[in-house]
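The values are calculated or read from the model by the stated rules, or taken from the named source; none is laboratory data. Just so it is clear, the model here is predicted, and its values are computed rather than measured. Positions of Cβ are generated from backbone atoms using ideal geometry, with glycine treated the same way; all protein chains shown enter the neighbour counts.
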């Protein structure tokens, strides 16, 4: 089973998602550094997008995107329309 949370532009919600990723990866990293960790999270100072370091490199997420903690514990962003077409909520989970 995976866990997913949606960025919605609400500062408190989006900050909680940042902290969730930070606590379950190598932590936060400097988005301006050339050294990118194997896993981690940062905020792009240019546009405020969430930067998620994973095995694919750095992926970006913005308002409306879902952040998925996959079966192997790797975080990655999924666009809302793709997320809704791919995943189904579990009973008692968020819609």
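Below are the figures for this structure:
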| read-out | value |
| --- | --- |
| Candidate set from the range 20-34 (those that are surrounded by 12 or more Cβ atoms within 10 Å (Cβ to Cβ) and outside any loop (DSSP other than H, G, I, E, B)); member that is nearest to the chain's Cα centre (by Cα) | 21 |
| Contacts under 6 angstrom Cβ, first residue in the range 1-14 being touching a residue at least 24 places away in the same chain (Cβ under 8 Å), partner in a helix (DSSP H, G or I), 6 or more apart | 5/17; 7/14 |
| Within the range 62-85, tally of residues that are part of a loop (DSSP other than H, G, I, E, B) and in contact with a helix residue (DSSP H, G or I) (Cβ under 6 Å, 6 or more places away or on another chain) | 1 |
| Count of the range 43-61 residues which are at negative phi and in a strand (DSSP E or B) | 10 |
| Residue 68 vs. criteria more than 12 Å from the chain's Cα centre (by Cα) and in contact (Cβ under 8 Å) with a residue 40 or more places away in the chain | no |
| Residue list for the range 1-36, restricted to those being touching a helix residue (DSSP H, G or I) at 6+ places or on another chain (Cβ under 8 Å) and within 20 Å of residue 78 (Cβ to Cβ) | 4, 5, 6, 7, 8 |
| Total residues in the range 66-77, condition surrounded by 15 or more Cβ atoms within 10 Å (Cβ to Cβ) and either over 14 Å from residue 43 (Cβ atoms) or at pLDDT below 95 (or both) | 6 |
